[in-house]
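Quick notes on the structure that follows.
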DNA sequence: CAATCGCTTGGTAGCGCTGTCAATATCAGT
DNA sequence: ACTGATATTGACAGCGCTACCAAGCGATTG
């Protein structure tokens, strides 16, 4: 014979319903769609739930309703400051809502990403936030067939899977180079690490700007697949200097590299910005307080995360955003490290 | 009459069992305790599951078994690099295991922490990783009565709730000051931001070391409740210099402050380390490649996260660690910024 | 050869909630 | 007063899996 699994002290929806003098299903409705109840019952269920300290069993809810209140978030790195800002935005937006987050780290691998995606979708998430626009063909296909709001973050591009929020890395890099050109710099080097798709697009922007100015020279480009770091910034800058000793500026694909390049300049007694301009990317906090202060491209990471989460929630609650693709833009922060006028 | 909710294409455990020619319960056992099956059935269920691409329904599992395979993680900040390293360790340790992570951000508030703790525990997590040893009395009581492995991370101290992994912030700060004293520095300032309990203990370590050396002077201490940043490091250092112009060294409670102090020194043309020594805390990556390189106290954050997760898993699998409290230690990284011998 | 033991396997029921539909109550309009 | 429409509420069954118990079976023992 089977067990008698009665959990004595446990507060279930049935207890709440009994105390409130309604049926369990009415109590259930109170939590999902309070407007459907009459004011009287609503108040009765509410106070009964409070009195008993009722906490819904999420597993039971998920099983019965065939969906969860979990939003999956796929990001390529847990270390990169850029993503911690995005994450903070997402967590802040969801704080106090019924939704929770399931986070996974793809480690910049789209194969990992696909694996994790399958894992997530098998659990029927309420929504999905995924980094970038370069997924595997299979990942894309899976996401297109799945029935939940999806937001691609960090960049914008054509043909969103569903929704999209970010900015153009191409344009941002191009604007940074335009700033350097306007300041009179001509031999502008490029430093790139962990050449992920977004960094590639920054390189494209650099190339485009330099070509437009008839200043493009492949010797000015130094890249590596190694993950970024301040130390690496110094190393790459030294490599660049060896290849092209006559450079008068560097554009670094992120601020860590820029800081490393600055330290390397100090080590070599190269004056910044007189002999060498430095421009970074992301505008991390320290860029504004270094000596000299470092120019960078500010991106709206926190807002990106926050809005992405809001877009998912709004869609889930039937108020789908009018515009599925949001370009948050960027701004070139012109500071001491690139302040030379001819 | 009620619905007929037959989901046609869906692969359930029953389908796997049927294909394997066993009962559903035997198939179920295959996933939770494969050793209990005979080799033949085990292989049959395995291949059937693979063939059908079976993915277990976690909600059903959680509901039936009255427990989840989720490990709750409570950290005070998503921005702080220190925690991203810890998190990376946790995620790495759990990658490929059956367990997943539920992350929450307490924002350095023990009241928030208590709220989130209640929220977590209501869903019966498999385990819990919580930051620090300063919880509210209620939080502690709740955790003591709950039946799941709990690891307190980031520091060690007396009376663990369950398990504990970290290091002594008091000793680490004291060792940093001992290093500065050994180098011949005497008027050693203290810079502290976001005075959370661990930072407080670093202050205690500083005070103890300075008092032992008969060099303690409250004028040398500058602290603030403001969250840390590089910019703040510069500001606090300026404040310190105003209060105590004769200082010859600063101990900063973290590396951001140290970097800010370094930049401020450059701005003021104060030579580091000749006129001013700087020592940070955490040994973030950039400390080793700044100019001059910055001394710091290295802590094992990744290992802390990784081991904490392993401790939880081992306990869940019946192999409880012999030693519930693990001190991961620290090491003082002596670099250029504090290299003056008398 | 019967009794006992341990290992493997299966049957039954139920975890706590919600989708579906039906029933009832309420109300406006004629 | 009666009809039809709308707002509220309830009954029932079942979401997919696992806990509990029992049964089957071969091996061991005296």
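Comparison of B:27, B:49 shows that the only residue that is within 14 Å of chain A (Cβ to nearest Cβ), more than 30 Å from residue B:255 (Cα to Cα), part of a helix (DSSP H, G or I) and within 39 Å of the chain's Cα centre (by Cα) is B:49.
Quick grid of which residues meet (1) within 23 Å of residue A:258 (Cβ to Cβ); (2) buried (at least 19 other Cβ atoms within 10 Å of the Cβ); (3) in contact with a strand residue (DSSP E or B) (Cβ under 9 Å, 6 or more places away or on another chain):
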position	(1), (2), (3)
A:131	yes, yes, yes
A:141	no, no, no
A:195	yes, no, yes
A:218	yes, no, no
A:224	yes, no, yes
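Could you check region A:72-157 for strands (runs of 3 or more DSSP E) lying wholly inside it with 1 or more residues that are within 11 Å of chain B (Cβ to nearest Cβ) and farther than 19 Å from residue A:300 by Cβ?
A:100-105
The lone criterion from (1) within 12 Å of chain B (Cβ to nearest Cβ); (2) out of contact with any strand residue (DSSP E or B) (no Cβ under 9 Å at 6 or more places or on another chain); (3) more than 8 Å from DNA strand D (Cβ to nearest atom) left unmet by residue A:14 is number (1).
Among the residues of region B:58-68, write down those that are in a loop (DSSP other than H, G, I, E, B) and surrounded by fewer than 18 Cβ atoms within 10 Å (Cβ to Cβ).
Correct list: B:66, B:67.
For region B:104-117, the count of residues that are surrounded by 22 or more Cβ atoms within 10 Å (Cβ to Cβ) and within 16 Å of DNA strand C (Cβ to nearest atom) is zero. Within region B:81-100, the set of residues being surrounded by fewer than 21 Cβ atoms within 10 Å (Cβ to Cβ) and free of Cβ contacts under 8 Å to residues at least 60 places away in the same chain comprises B:95, B:96, B:98, B:100.
Every number here is computed from the coordinates shown, using simple stated rules; none is lab data. Only a predicted model underlies this, so the values are computations on that prediction, with no experimental measurement involved. Counting neighbours? That spans all protein chains shown, and the Cβs are built from the backbone with ideal geometry, glycine included.
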